[in-house]
Amino acid sequence: GAGVSQSPSNKVTEKGKDVELRCDPISGHTALYWYRQRLGQGLEFLIYFQGNSAPDKSGLPSDRFSAERTGESVSTLTIQRTQQEDSAVYLCASSLSILAGGKYFGPGTRLTVT
Amino acid sequence: AQKVTQAQTEISVVEKEDVTLDCVYETRDTTYYLFWYKQPPSGELVFLIRRNSFDEQNEISGRYSWNFQKSTSSFNFTITASQVVDSAVYFCALNTGNQFYFGTGTSLTVIP
């Protein structure tokens, strides 16, 4: 079956612009996770969604970051007024439940802020 | 404070050798989950294992095995008879509450 998909695969944007990243989880997966990986660095957890529960936003790096998910479908990660330090690969993962952690990963969106 | 430490930044082994990747975690929570992920050179992340804090039973999956010891707050990962395809960056992670904490990763190179 289809895996986790993310779009766009690459995004180059000018500093100060807003960007929206999209994640399509595996159908039926109630849990969805967002992570960030800066070039040559480790993983940084951003936020997760579990069903219709309100997410804990404390992992988001700043108030320029926001994430939404409607039900168990697509999620969007929005970065407003992008800065050069936002350049990274943004990864999405989904699982049948929160108990599994982020089990199935998408290919990521490579964001470059110039 | 929650923290995951992977002290080994880079490891090189010759094919067929066994190798252990160390992971030490810090948390005051009694309920938590530990994970290992693999990131090969192609970049995609692969989930390897999830372990909850109440299950200290070691696990073996093929050439992979995991040793969870609460007494030393460690969750080490051993690859037996390593292969070139095992070359990757391996991340250990801790989940408590609504947050995940990742180690900085260990880059494993298996030399043919």
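The values are calculated or read from the model by the stated rules, or taken from the named source; none is laboratory data. The structure displayed is predicted, hence computed values, not measured ones. Counting neighbours? That spans all protein chains shown, and the Cβs are built from the backbone with ideal geometry, glycine included.
Restrict the check to segment A:64-86 and report whether at least one residue is among the hydrophobic types (A, V, I, L, M, F, W, C), out of contact with any helix residue (DSSP H, G or I) (no Cβ under 9 Å at 6 or more places or on another chain) and within 14 Å of chain B (Cβ to nearest Cβ).
Taking segment A:64-86 as the starting set, the residues that turn out to be among the hydrophobic types (A, V, I, L, M, F, W, C) are A:65, A:67, A:74, A:77, A:79.
Going one step further and asking which of them are out of contact with any helix residue (DSSP H, G or I) (no Cβ under 9 Å at 6 or more places or on another chain), we end up with A:74, A:77.
Of the ones still in play, those that are also within 14 Å of chain B (Cβ to nearest Cβ) are none.
No, the conditions are met nowhere in segment A:64-86.
Kindly evaluate A:LEU39 against the criterion of being surrounded by fewer than 19 Cβ atoms within 10 Å (Cβ to Cβ) and touching a residue at least 40 places away in the same chain (Cβ under 8 Å).
Values: surrounded by fewer than 19 Cβ atoms within 10 Å (Cβ to Cβ): yes; touching a residue at least 40 places away in the same chain (Cβ under 8 Å): yes.
Here the answer is yes, as A:LEU39 does meet what is asked.
List pairs: first in segment A:7-31 and closer than 25 Å to B:GLN99 by Cβ and surrounded by 15 or more Cβ atoms within 10 Å (Cβ to Cβ), second of a type in the set (Phe, Trp, Tyr) and modelled with pLDDT of 95 or more, Cβ under 7 Å, 6+ apart or cross-chain?
The qualifying pairs are A:LEU21/A:TYR90.
Return the residue satisfying two criteria in turn: it lies in segment B:85-104 and is small (Gly, Ala, Ser) and assigned to a loop (DSSP other than H, G, I, E, B), and of such residues it is modelled with the lowest pLDDT.
Looking at the filtered set, the residue picked out is B:GLY97.
All but one of (1) assigned to a loop (DSSP other than H, G, I, E, B); (2) buried (at least 17 other Cβ atoms within 10 Å of the Cβ) hold for B:VAL4; state the number of the condition that does not hold.
Going through the list (1) assigned to a loop (DSSP other than H, G, I, E, B); (2) buried (at least 17 other Cβ atoms within 10 Å of the Cβ), B:VAL4 breaks only (1).
Within segment A:52-87, which residues are in contact with a strand residue (DSSP E or B) (Cβ under 6 Å, 6 or more places away or on another chain) and within 20 Å of A:ASP24 (Cβ to Cβ)?
A:PRO55, A:PHE65, A:SER66, A:ALA67, A:GLU68, A:ARG69, A:VAL74, A:SER75, A:THR76, A:LEU77, A:THR78, A:ILE79
Scanning for something among the hydrophobic types (A, V, I, L, M, F, W, C), in contact with a strand residue (DSSP E or B) (Cβ under 7 Å, 6 or more places away or on another chain) and assigned to a strand (DSSP E or B), does segment B:52-61 turn up at least one residue?
There is no residue in segment B:52-61 that is among the hydrophobic types (A, V, I, L, M, F, W, C), in contact with a strand residue (DSSP E or B) (Cβ under 7 Å, 6 or more places away or on another chain) and assigned to a strand (DSSP E or B).
Results for (1) within 13 Å of chain A (Cβ to nearest Cβ); (2) basic (Lys, Arg), shown as yes or no for each residue.
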{"residue": "B:VAL14", "(1), (2)": "no, no"}
{"residue": "B:ASP18", "(1), (2)": "no, no"}
{"residue": "B:ARG28", "(1), (2)": "no, yes"}
{"residue": "B:LEU48", "(1), (2)": "yes, no"}
{"residue": "B:ASN67", "(1), (2)": "no, no"}
{"residue": "B:ALA93", "(1), (2)": "yes, no"}
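Checking the structure you have, find out if any residue of segment A:48-55 is within 21 Å of B:THR104 (Cα to Cα) and within 14 Å of another protein chain (Cβ to nearest Cβ).
yes
Could we say that B:SER71 is under 30 Å from A:GLN50 (Cβ atoms), exposed (fewer than 12 other Cβ atoms within 10 Å of the Cβ) and either in contact (Cβ under 8 Å) with a residue 12 or more places away in the chain or polar (S, T, N, Q) (or both) here?
No; evaluated as a whole, the condition is false for this residue.
Run down B:SER42, B:SER107, B:SER82 and say which single residue is surrounded by 14 or more Cβ atoms within 10 Å (Cβ to Cβ) and in a loop (DSSP other than H, G, I, E, B).
Every option except B:SER82 fails the conditions.
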